[in-house]
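Working notes, beginning with the structure itself.
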C-alpha cells in the first residue's frame, strides 16, 4: 500500500472521514481487508536452513504458508514448542532458531500442508 501524498483527502462532506490510502469512507475502507488477505503462493510450503546474514547462526526458515497473520503466529508457536526453540513470524515467513528442518517438515505434513525441503 502506498503512503498518502501531501494532498491526500482525509474528510469529505458526503462520506465523513476518509481513508488516506484507499480514499474510501472509513466505514467502507478496504485497506484492512487487503492487509488480512492471505498471500497467494504456489501452494507449496518450503522449509530451508539458512546461515547468511545471521552472524553464522543457523535458522530454519518456512516460506509459502497460505495463512493470515494471526494463524501464522499460532502455527509458529506450535512449531517452536515442538522444536523446543525460539523464533519469530514476520513478513509471512516463519524463522526458528537452530537446524530443525526434519522436525518442522514432519510437523507441517501432520498438519496437512504440502511441505518440502528446499536448499542444500
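The values are calculated or read from the model by the stated rules, or taken from the named source; none is laboratory data. Note that the coordinates shown come from a computational prediction; the quantities given were computed from them, not determined experimentally. Neighbour counts are summed over all protein chains in view; Cβ atoms, including those assigned to glycine, are modelled from backbone coordinates with ideal geometry.
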Taking residue 94, is it surrounded by 16 or more Cβ atoms within 10 Å (Cβ to Cβ), over 17 Å from residue 117 (Cβ atoms) and at pLDDT 75 or above? no
Out of segment 43-63, which residues are at pLDDT 90 or above and surrounded by 13 or more Cβ atoms within 10 Å (Cβ to Cβ)? 45, 46, 47, 48, 49, 50, 58, 59, 60, 61, 62, 63
Can you tell me which of 35, 28, 8, 40 is at pLDDT 75 or above and either more than 17 Å from residue 103 (Cα to Cα) or surrounded by 10 or more Cβ atoms within 10 Å (Cβ to Cβ) (or both)? 28
So the check is Cβ under 6 Å with 6+ separation or different chains; which pairs have a first residue in segment 16-29 that's at positive phi and a second one that's part of a loop (DSSP other than H, G, I, E, B)? 23/9
Given segment 58-119, what strands (runs of 3 or more DSSP E) lie entirely inside it while holding 1 or more residues that are closer than 11 Å to residue 47 by Cα? 59-63, 93-97, 115-117
Qualifying positions in segment 71-87 - surrounded by fewer than 19 Cβ atoms within 10 Å (Cβ to Cβ) and within 10 Å of the chain's Cα centre (by Cα): 71, 73
Of the residues that make up segment 58-70, is at least one within 15 Å of residue 103 (Cβ to Cβ) and under 11 Å from the mean Cα position of the chain (by Cα)? yes
